[in-house]
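Bear in mind that the values in this text are calculations on the coordinates, not laboratory data. Because the structure is predicted, anything quoted here is derived from the model rather than measured. Cβ placement follows ideal geometry from the backbone for every residue including glycine, while neighbour counts extend to all protein chains displayed.
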């Protein structure tokens, strides 16, 4: 039973290594694209079939985003990123549970000893993937904030020269922003990788019947982690586009 | 004591101690949330959202500890 913290490389394109997590996330992205194409060709006013299911999902996501941001016009501006995060993360998480992912490996490379290198691995079980998602999200939040309230007002949140205490508070805010990258990436990576390890260990000890409740837990955790990533991104976007100087009646959740 | 024994103990201690705080935190968040729902059942939807968010924050800390334990064990 081999467990590798880093995603294993399975091939090289030129000098660029391709890991198994990358391959699985490409398959997940391809599935999402195919479903989207199926749902949007020959669109009708009264939907049916693929279009109906897809519209239900998108509508639920839109309502969830609107419940955080409040203003439907603003929600529609930020909705593509947020919905993509949710669908991409949940497809990566659930693809990692399909039998064969993690166990089918064509290579038995000798690294001093014979080990099995799996061909597929859950996309988010690679820290590179979650780091990329986290950096993209935090950068997007900054850009949304600057676009919504202007660079000067947005910069005033972090570099506040009105009095020394507010200056330190601004610096702490800046450090908090950067720590969000670490928190986003490690939350998602830790949950998915730990789930994989858990399933491997349980299947190793008791192969029949016993892994079933853990599979149920992993399906649930995959969904919750996608939801949490999306909700946190929404909450931070809401906090970034709000002008804190004006007196707003709804205080956005000031999260760390 | 041999390095491998120490690293095994370190990995176990990392996750064991690192899960105590978040366990308490999630329990407290859950209890306050349920109390709020019990006092005002109509606001259940509004309480649920931030509660799940807060639970995810608390759980993230234990995941950091788990990642440290995995790094000690496997790297």
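A crude spin-label estimate for the pair residue A:202 and residue B:6, with each label 7 Å from Cα along the Cβ direction, gives 3.5 nm.
Using a cutoff of 8 angstrom between alpha carbon atoms and counting only pairs six or more residues apart, the relative contact order for region A:95-180 works out to 17 percent. Using R0 = 22 Å, the C-beta based FRET efficiency linking residue A:243 and residue A:182 works out to 0.20.
Mean per-residue shielding of peptide A:157-167 is 0, counting Cβ atoms of other chains within 10 Å of each Cβ.
Each peptide in B:48-61, A:212-225 gets a packing score, the mean of other Cβ atoms within 10 Å over its residues, and the list from highest to lowest is B:48-61, A:212-225. Partner shielding of A:4-17 amounts to 1, given as the average count of beta-carbon atoms from other chains within 10 Å of each residue beta-carbon.
Just need the relative contact order of chain A here, percent rounded to a whole number, with Cα pairs under 8 Å and 6+ apart. So the answer I get is 23 percent.
The mean number of partner chain beta-carbon atoms within 10 angstrom of a residue's beta-carbon across peptide B:54-63 is 5. In plain terms, the residue of A:200, A:84 with the fewest other Cβ atoms within 10 Å comes first and the most crowded comes last, giving A:84, A:200. The listed peptides A:157-167, A:136-146, ordered by packing as a protection proxy, come out as A:136-146, A:157-167 (highest mean of other Cβ atoms within 10 Å first).
From helices alone, chain A scores -23500 deg cm²/dmol at 222 nm; the rule is -39500 (n - 2.57) for each run of n ≥ 4 DSSP H residues, then divide by the residue total. Relative to the current alpha-carbon distance between residue A:4 and residue A:215, full extension at 0.36 nm per residue lengthens the span by 73.9 nm.
When peptides A:59-65, B:35-41, A:189-195 are sorted by average Cβ neighbour count within 10 Å, with the highest value leading, the order is A:189-195, A:59-65, B:35-41. Here the sum of -39500 (n - 2.57) over DSSP H runs of 4 or more residues, divided by the residues of chain B, equals -31000 deg cm²/dmol at 222 nm, to the nearest 500.
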